[in-house]
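S.K.: Here you go, one structure.
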Amino acid sequence: MKFFVDTADIAEIKDLTATGLLDGVTTNPSLVAKSLAEKGAGRDFRQLIKEICAIVDGPVSAEVAAVDVEGMLEEGRLLAKIAKNVAVKVPLTWDGLKACKALTGEGTMVNVTLCFSANQALLAAKAGATFVSPFVGRLDDIGLDGMELVREIRAIYDNYPDLSTEILAASIRTVNHVKQAALIGADVATVPAAILK
Ligand code: E4P
């Protein structure tokens, strides 16, 4: 199983890179805002992503803010220009699927995020997603079993070997989540640095 770290904190990323454990990074607008606030002025979102991409060889997810397909494509194309290891993160909505299809066709990695059902994961794979991100912790938060979703997606994708989308277990909150994701066979877990440590 690959480990991504779920952070936009440069020091955390450098620390984990030195261990050889790290296969990639996921960011989201909250994590980026936190990192930029801590580092102060003089840096913006794109610069931060560029810096992360220079530290890590693997995929670095950077999320679009737009909710319409044109906006997602405009932002996604700009993000993809930053570095070849950028994975554009789009929401698992109808417009997000269209953006996924278009960006994938242009050779850009796409992480289709905010996946809350197995059927959604099937749609993401059909749209050509590089990664699909089921949100385990968020489902647990509302009294459901988030890891059950990862299990369902694994079973469905395994039925169709031509689907190449990787399952990226996200919203991981505990070390038990990491173990369960590995037991189920998630391709990747994106984990906060403290949980990885
Ligand atoms: C993944 O890419 C997301 O950044 C992350 O796992 C979000 O989870 P959370 O909002 O529950 O922390």
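S.K.: So what's the Cα pair-distance distribution over the range 7-111, bin width 10 Å, in %?
M.R.: Percent of pairs per bin, in order: 16, 47, 30, 7.
S.K.: Another question about this same structure. May I ask which residue of 83, 93, 163 lies farthest towards the positive end of the charge dipole of the range 78-197, with charges of +1 (Lys, Arg) and -1 (Asp, Glu) on Cβ and the Cα centre as origin?
M.R.: About the Cα centre, the residue reaching furthest to the positive side is 83.
S.K.: Here's something else I'd like to know. Per-residue ellipticity at 222 nm for the chain, helices alone: DSSP H runs ≥ 4 residues times -39500 (n - 2.57), over residue total, nearest 500 deg cm²/dmol?
M.R.: Numbers: 10 runs with 99 residues, N = 197.
Helix contribution divided over all residues of the chain: -14500 deg cm²/dmol.
S.K.: Please work out the C-alpha center-to-center distance from the range 68-123 to the range 131-197 and express it in whole Å.
M.R.: Cα centroid of the range 68-123 versus Cα centroid of the range 131-197: 19 Å apart.
S.K.: Enumerate the calculated ³J(HN,Hα) couplings along the range 156-164 in order (Karplus 6.51 cos²θ - 1.76 cosθ + 1.60, θ = phi - 60°), each rounded to whole Hz, writing x wherever the residue is Gly or Pro.
M.R.: Computed from phi, the couplings for the range 156-164 are 5, 4, 5, 6, 10, x, 6, 7, 9 Hz.
S.K.: Still on this model: Can you tell me the equivalent ellipsoid semi-axes for the range 45-197? Use √(5λ) from the Cα gyration tensor, largest first, whole Å.
M.R.: On the way: eigenvalues 115, 69, 38 Å².
Here the semi-axes work out to 24, 19, 14 Å.
S.K.: Here's a follow-up. With all protein chains present, calculate the accessible area of residue 133 using a 1.4 Å probe and round the result to the nearest 10 Å².
M.R.: For residue 133, solvent-accessible area is about 0 Å².
S.K.: Enumerate the amide H contacts of residue 63 below 5 Å, restricted to partners 5 or more residues apart or on another chain; note that Pro and chain-start residues carry no placed amide H.
M.R.: The list, which skips near neighbours in sequence, is 89.
S.K.: Step through the residues of the range 148-155 one at a time and calculate ³J(HN,Hα) from phi using the Karplus curve (6.51 cos²θ - 1.76 cosθ + 1.60, θ = phi - 60°), rounding each to whole Hz and writing x for Gly and Pro.
M.R.: 4, 5, 4, 4, 5, 5, 4, 5
S.K.: Still on this structure, I have one more. May I ask you to derive the relative contact order of the chain, considering only C-alpha pairs under 8 Å and at least 6 residues apart, and to give it as an integer percent? Mind dumping the intermediate values first?
M.R.: On the way: 383 pairs, mean separation 37.2, N = 197.
Here the relative contact order equals 19 percent.
S.K.: When the solvent-accessible surface of protein heavy atoms is calculated with a 1.4 angstrom probe, in what order do 15, 95 fall, highest first? Mind showing how you got there, number by number?
M.R.: Details: 15 70, 95 40 Å².
Most to least solvent-accessible, the answer reads 15, 95.
S.K.: Quote the accessible area belonging to residue 151 in square angstrom, nearest 10, computed with a 1.4 Å probe and with ligands, DNA and RNA left uncounted.
M.R.: My reading of the accessible area for residue 151 is about 100 Å².
S.K.: I'd like the carbon and sulfur percentage of the solvent accessible area for the chain, probe radius 1.4 Å, heavy atoms only, ligands and nucleic acids excluded. Write down the numbers at each step before the final one.
M.R.: On the way: 5070 of 9210 Å².
On the chain, the fraction of accessible area on carbon and sulfur atoms equals 55 percent.
S.K.: Now for a separate question. Once phi is turned into θ = phi - 60°, what whole-Hz ³J(HN,Hα) does the Karplus curve with 6.51, -1.76 and 1.60 give for every residue of the range 74-86, x standing for Gly and Pro?
M.R.: In residue order, the calculated couplings are 4, 5, x, 5, 5, 5, 5, 6, 5, 6, 6, 9, 6 Hz.
The values are calculated or read from the model by the stated rules, or taken from the named source; none is laboratory data. Nothing here was measured: the structure is a model prediction, and the numbers come from that model. Every residue, glycine among them, receives a Cβ derived from its backbone with ideal geometry; neighbour counts consider all protein chains shown. Note: areas computed on protein heavy atoms with side chains; ligands, DNA, RNA excluded. Shrake-Rupley method; radii C 1.70, N 1.55, O 1.52, S 1.80 Å.
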